[in-house]
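Working notes, beginning with the structure itself.
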Amino acid sequence: MKTSALLGAGTLVGSNGFAFGKSGIIDAFTASSEGDEFILPPLPYGYDALEPFIDTLTMQIHHDKHHAAYTKNLNAEVTANKLQGKKIEELLMNVSKYSLSIRNNGGGYFNHAFFWETLAPKGGNPKGTLSDAINKDFGSFQNFKDELSKKAMSVFVSGWAWLIFADGKLKTITTANQDNPIMDIATEKGFPLLNLDVWEHAYYLKYQNKRKDYVDAIWNVFNWTRIGERYLKATNK
Ligand code: MN3
């Protein structure tokens, strides 16, 4: 079954019909530009900007080592398989056609670029239509917070919790390893709005085995402006 397609003037359409638009989801760094290499997007803020909730050393290692490694390994695999010139979303929406390395490293590349933009020093609260949708689909912001936190705690070993827009409403889901909801192999697909990295490398230096403390703390630094913009894109408003 054909689950995704490139339509119109380069508009990316996901597996349940939602359009990502020409620019993709992670606006600034979506294309394999720069000589057909995916580039490691710089953090949109300083390494220490999310203190005290996420510590400086964790951000340095997470971005400069982990995300850099996914980027390097993705580029090597893209070159080896002559896949240059495709957007990262395009690779992931058709990931069943490619190697496990594209799934793991392409997923890692996308998920982290998306994660840095999901966070911001002054997170604030959901606003406008997104706030209304959260209240409608979860009952209240607190219910949503409890549900997503519970999902984040339920991820076994390594993976992600997500807020997605699918089938006309908001949903929380989890994915294992570096999988994500735009992949054609995903059991729950949708337009990603927010992601939460629960790999130990995201929190171990500061929180050790206390994932719960990390999950509680990260609510202080979600970038609700950015997440709200993604919601408008997902709903084409
Ligand atoms: Mn990570």
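Quick look at the numbers
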| item | result |
| --- | --- |
| Yes/no for residue 166 being more than 14 Å from the ligand (Cβ to nearest atom) and in contact with a Gly (Cβ under 6 Å, 6 or more places away or on another chain) | yes |
| The lone exception for residue 199 - which of (1) farther than 29 Å from residue 95 by Cα; (2) buried (at least 17 other Cβ atoms within 10 Å of the Cβ); (3) not acidic (Asp, Glu) it fails | (1) |
| Matching entry among 92, 130, 119, 148 (being buried (at least 21 other Cβ atoms within 10 Å of the Cβ), over 14 Å from the mean Cα position of the chain (by Cα) and within 25 Å of residue 59 (Cβ to Cβ)) | 148 |
| Any chance residue 150 is basic (Lys, Arg) and modelled with pLDDT under 95 | no |
| Residues of segment 170-185 satisfying the condition of being modelled with pLDDT of 95 or more, over 14 Å from residue 153 (Cα atoms) and in contact with a strand residue (DSSP E or B) (Cβ under 7 Å, 6 or more places away or on another chain) | 170, 171, 177, 180, 181 |
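Yes or no, residue by residue, for (1) closer than 30 Å to residue 49 by Cα; (2) assigned to a helix (DSSP H, G or I); (3) away from the ligand (no atom under 16 Å from the Cβ); (4) in contact (Cβ under 8 Å) with a residue 60 or more places away in the chain:
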residue	(1), (2), (3), (4)
72	yes, yes, no, no
75	yes, yes, yes, no
78	no, yes, yes, no
86	no, no, yes, no
91	no, yes, yes, no
96	no, yes, yes, yes
105	yes, yes, no, yes
110	yes, yes, no, yes
114	yes, yes, no, yes
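The values are calculated or read from the model by the stated rules, or taken from the named source; none is laboratory data. Since the structure is predicted, the reported quantities are computational estimates derived from the model, not experimental observations. Positions of Cβ are backbone-derived with ideal geometry, glycine not excepted, and every protein chain shown enters the neighbour counts.
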